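A.B. asks: Questions regarding the structure given below will be posed in turn.
The values are calculated or read from the model by the stated rules, or taken from the named source; none is laboratory data. Quick caveat: nothing in here was measured; it's all calculated off a predicted structure. Here the Cβ positions follow ideal geometry from the backbone for every residue, glycine too, while neighbour counts run over all protein chains shown.
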Amino acid sequence: MPSGDAAHSRKSKLTVASGGADPAAATARHHHHHHHPSQHSSGSNNAVNRPMQYLARLTDFRQMDIQSALDQMKTLLTSRPHVVYKTSYYRKQTKNHWARDDPAFVALQGIFLIIACIAYAVAFKATITGGISFLLYSVLWNWLGAGFLIATIGREIANRHLTVHSSSSHVKQSVEWLYAFDIHCNAFFPLFVVLYAVQFFMLPVVLGSHFMAMVLGNTMYAAALSWYWYVTHLGYRTLPFLSNTEVFLFPIAAIVVVYVLNLILHPFGFSWNTSILMARFYFGSYLM
């Protein structure tokens, strides 16, 4: 005959069974109920902390993949620059964000720009003050300042007007600001190569007063700026939740119009050589 404790134990087990609630399952449901908010909070924290982590890595060359950054730069100068953005797609699949983790590309671009600025200052025989002024203007405005502005405006245009809202997806996707800045850096590199590297070796020609000097100088600026907007367009076109990204090609039409008008108006004395204008703007003269 079972004891009182044993009977009480069997009664407890029967009570649990008749209630249909497994304590382990209840605990699991309770844990699952609180799991999603913590995941969302973690994702939000990562989105907030990512720019700070990016800046922290920018000071540590040991964490940078220099070779990968150089390979991407080479690709941007080929006929298939869109290949660079494939890594962004893979990154989204594995890390749930589009922007680069590795700041090597930005670091190298900054170093190349500083070297080019020093070379221009020497070529134009600028004073130390003039050279520093040109360097700061190129880095802080031409590269970073304009980049921040274009990335912010491009991101707003994409998120407000180009986002496709799919009924099958419950998650609203948007362009990350760091990714928009990545696009600017990608687009800036071909522009840098044309206007800071190639043009440097062409200075004796493009700073001439003859017609071909004007044509060559203006062609380089038109090509560099058009290249910039083309690569920018490719960056936004890569995102599957955006449509009508051709709007980022519109500036190219304006560049072509200005370029052609400059040629048409040359016989009437209303043309200009952009290379000479920029030399006068930065250095006050173009002594070679």
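Here is a yes/no grid of residues against (1) within 18 Å of the chain's Cα centre (by Cα); (2) without any contact (Cβ under 8 Å) to a residue 24 or more places away in the chain; (3) surrounded by 15 or more Cβ atoms within 10 Å (Cβ to Cβ):
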{"site": "Ala126", "(1), (2), (3)": "no, no, yes"}
{"site": "Leu135", "(1), (2), (3)": "no, yes, yes"}
{"site": "Gly145", "(1), (2), (3)": "yes, yes, no"}
{"site": "Thr152", "(1), (2), (3)": "yes, no, no"}
{"site": "Arg155", "(1), (2), (3)": "yes, no, yes"}
{"site": "Val164", "(1), (2), (3)": "no, no, no"}
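A.B. asks: Also, I was wondering about something else. Can you tell me which residue within segment 72-122, out of those that are touching an Asp or Glu at 6+ places or on another chain (Cβ under 6 Å) and aliphatic (A, V, I, L, M), is farthest from Val175 (Cα to Cα)?
C.D. replies: Only one residue tops the list, namely Ala104.
Quick grid of which residues meet (1) surrounded by 14 or more Cβ atoms within 10 Å (Cβ to Cβ); (2) touching a residue at least 60 places away in the same chain (Cβ under 8 Å); (3) not aliphatic (A, V, I, L, M):
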| position | (1), (2), (3) |
| --- | --- |
| Thr238 | yes, yes, yes |
| Asn244 | no, yes, yes |
| Val247 | yes, yes, no |
| Ile252 | yes, no, no |
| Val260 | no, no, no |
| Ile264 | no, no, no |
| Pro267 | no, no, yes |
| Met278 | yes, no, no |
| Phe283 | yes, yes, yes |
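A.B. asks: Can you name the number of the only condition in (1) more than 30 Å from Gly269 (Cβ to Cβ); (2) touching a residue at least 40 places away in the same chain (Cβ under 8 Å) that Lys172 fails?
C.D. replies: (2)
For (1) among the polar types (S, T, N, Q); (2) at pLDDT 95 or above; (3) over 19 Å from Ala158 (Cβ atoms), each residue gets a yes or a no:
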{"residue": "Tyr179", "(1), (2), (3)": "no, yes, no"}
{"residue": "His184", "(1), (2), (3)": "no, yes, no"}
{"residue": "Leu195", "(1), (2), (3)": "no, yes, yes"}
{"residue": "Trp229", "(1), (2), (3)": "no, yes, no"}
{"residue": "Gly235", "(1), (2), (3)": "no, yes, no"}
{"residue": "Glu246", "(1), (2), (3)": "no, yes, no"}
{"residue": "Val257", "(1), (2), (3)": "no, yes, yes"}
{"residue": "Val260", "(1), (2), (3)": "no, yes, yes"}
{"residue": "Phe283", "(1), (2), (3)": "no, no, yes"}
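A.B. asks: If you don't mind, there's one more thing I want to ask. Are there any pairs, at least 6 apart or on different chains, whose C-beta atoms fall under 6 Å, with the first in segment 212-225 and buried (at least 17 other Cβ atoms within 10 Å of the Cβ) and the second modelled with pLDDT of 95 or more and of a type in the set (Gly, Ala, Ser), and if so, which?
C.D. replies: Final answer for the pair search is Gly217/Ser275.
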